[in-house]
Amino acid sequence: MRRVFLASLGCKTNQYESAAIEQAILAQGHTMVARGESADVCVINSCTVTGYTDYQCRQLVRRCQRANPQAAVIVTGCYAQAYGEKVGQLPGIDYIIGNSNKATIPQLIATAAKRKSPQYLVTSPSSGPIFAGASCMPGRTRALVKIQDGCDSFCSYCIVPYARGRSRSLPAEEVKREVTAIEKKGFKEVVLTGIHLGSYGKDLGNGVDFSSLVGLLVKEFPDLRIRLSSLEPQEVTPELIELMSRQGNLCPHLHLSLQSGDNSVLRRMRRGYEVEEYISLIRELADQVPDICLGADIIAGFPGESEAGFNTTYQLLAELPLSYLHVFPYSLREGTAAASFPDQLDPRVIKKRAGELGRLAATKKNGYLARFQGKIMPVLIEGSRDKQTGRFKGLSRNYLTILMEGDDSMVNEEVLVKVSRVEGEKLTGQLVGKT
């Protein structure tokens, strides 16, 4: 039996797949260890959405080698899939496993050993079924369900379609089985996740699309909070907006990637929508869904982004009723169309623009949080306490972290909390009752 360290970088889909790998490893009798503990095998589930996530993977490899020089090192995930040869040039890596081959990792653990050169198992990212099987996230009060994988969009800056393959969907009956298992285990919230979530069902050919699947789940699981991970704006249908406005168990929270507020940049990004459509959607959601939390991804410094185009984006973000922003400095990804664009920006300009957007993001988040002072909100209490204060923490339906005093009986229960004040990026409050 082996001692295994597992680290996951990147998106919720990677977190889900890491949970599935961990469950399978534990089922075989191995032991999972935390960072800093002795390990026989180290598994890194990588991300390659930006150059920084590549760097994070390389750093993790080095840390594993320093802490456990005799441990076998396995790198899997999108960095391994898209840039396997580059990963193989890093010293100390023993196995490189592609996204479609992750299910082999639990069986590999028993025999994994140091090698003179890495062993590759990287096949087409579209080959085989969706990697699934984690009906919960160990140690958490919320569970992820991966309902879709891959992407057909091929935005000009994005390596993900090459790392994840074509869009594939988990049939609705299998989704229901996973959600049923989650509910039986006592979880109170499920998060639907995927690489291109809104494209769900297009490959199934049975008339079930993303909005109809969500409608099915909120109806059949009325006692579960249903949360959606990132969506593309053009995939938010009137049916989905109506569901969110009238179904109490569909969390009022949407993350809708914008990427740029300049139409010329959006066209070069191959985003498939224009700024005016995004503005209309955000305003409709804010009007139709009370207290909805609306987030957006923004790329700063895309090739050809002019000063005027950046200022247009900044002004748009300042005016829209967005609750938070995820800001990414443009990161050139080898193999994408944008990597060959001639008008790449100076890294210093990219950094400056990302910094300005980051400060705006902090202002937007603080303004949204301040709206809830004095209000009573339903909050799902998590199993771990806040590291800084030691207080219990929970998540509201509209994605706000709220700290409070209480006792262990509150864990994994939705309680009513009266918000008192803003503390950094969190709220504090007092327990006033149960929902």
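The values are calculated or read from the model by the stated rules, or taken from the named source; none is laboratory data. Just so you know, these numbers come straight off a predicted model, no measurement behind them. So basically every Cβ, Gly included, is an ideal-geometry build from the backbone, and we count neighbours across all protein chains shown. Quick note on the areas: whole protein, heavy atoms, side chains included, nothing else; ligands and nucleic acids left out. Shrake-Rupley method; radii C 1.70, N 1.55, O 1.52, S 1.80 Å.
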- Item | Relative contact order of the chain, pairs being alpha-carbon contacts under 8 Å that are 6 or more residues apart, as % | 10
- Task: Enumerate the lysines that Lys418 could reach by cross-link, defined here as Cα to Cα under 27 Å, with residues fewer than 8 away along the same chain left out.
- Result: Lys188, Lys364, Lys365, Lys375, Lys387, Lys393, Lys426, Lys434
- Task: Find how much the distance from Thr31 to Lys184 grows on full extension, using 0.36 nm per residue of separation minus their present alpha carbon separation; answer in nm with one decimal.
- Result: 52.6 nm
- Item | Reachable lysines from Lys86, criterion Cα separation under 18 angstrom, eight or more residues apart if same chain | Lys116
- Apply the membrane-span-like helix rule to the chain: whole DSSP H runs, Cα extent along the own long axis of at least 30 Å, mean Kyte-Doolittle hydropathy at least 0.5. List the helices found. none
- Tell me, what is the FRET efficiency for Ser124 and Gln388 to the nearest 0.05, using R0 = 35 angstrom and their Cβ-Cβ distance as r? 0.20
- Query: For labels at Gln70 and Asp223 in the simple 7 Å Cα→Cβ model, what's the distance in nm?
  - Reply: 5.0
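Return one whole number: the accessible area per residue of segment 227-292 in Å², for a 1.4 Å probe.
On a per-residue basis, segment 227-292 sits at 40 Å².
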- With a 10 Å radius around each residue's Cβ, average the other Cβ atoms per peptide and rank 356-366, 142-152, highest first. 142-152, 356-366
- Item | Label point distance in nm, Lys434-Ala113, each placed 7 Å from Cα along Cα→Cβ | 5.6
- Query: Which aspartates and glutamates have a Cα lying under 17 Å from the Cα of Lys102, excluding residues fewer than 8 positions away in the same chain?
  - Reply: Glu17, Glu22, Asp94, Asp149
- Query: Roughly speaking, what is the centre-to-centre gap between segment 1-28 and segment 350-398 when only Cα atoms are used, to the nearest Å?
  - Reply: 28
- Query: Which value at 222 nm does the chain reach when only helices count, each DSSP H run of 4 or more adding -39,500 (n - 2.57), with the total divided by all residues and rounded to the nearest 500 deg cm²/dmol?
  - Reply: -10000 deg cm²/dmol
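Do any trypsin sites (Lys or Arg not before Pro) in segment 1-32 lie in a DSSP loop with no more than 14 other beta carbon atoms within 10 Å, and if so, which? Before the final figure, lay out each step's value.
Numbers: sites: Arg2, Arg3, Lys12; in loops: Arg2.
Sparse-neighbourhood loop trypsin sites (Lys or Arg not before Pro): none present.
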- Counting only protein heavy atoms and using a 1.4 Å probe, what share of the accessible area of the chain belongs to carbon plus sulfur, as a whole percent? 51
- Task: Can you list which of the trypsin sites (Lys or Arg not before Pro) found in segment 14-102 are DSSP loop residues with at most 13 other C-beta atoms within 10 Å?
- Result: Arg35
- Note on the structure: Expressed in nanometres to one decimal, the distance between label points 7 Å along Cα→Cβ at Asp408 and Phe154 is 5.6
- Query: In square angstrom, what is the accessible area per residue of segment 347-387 with a 1.4 angstrom probe?
  - Reply: 56
- Query: Anyone know which of Gly304, Gly98, Gly394 comes out most mobile in the 10 Å Cα GNM of the chain?
  - Reply: Gly304
- Task: Compare the peptides 255-264, 315-324 by average per-residue count of other Cβ atoms within 10 angstrom and give them in order, highest first.
- Result: 255-264, 315-324
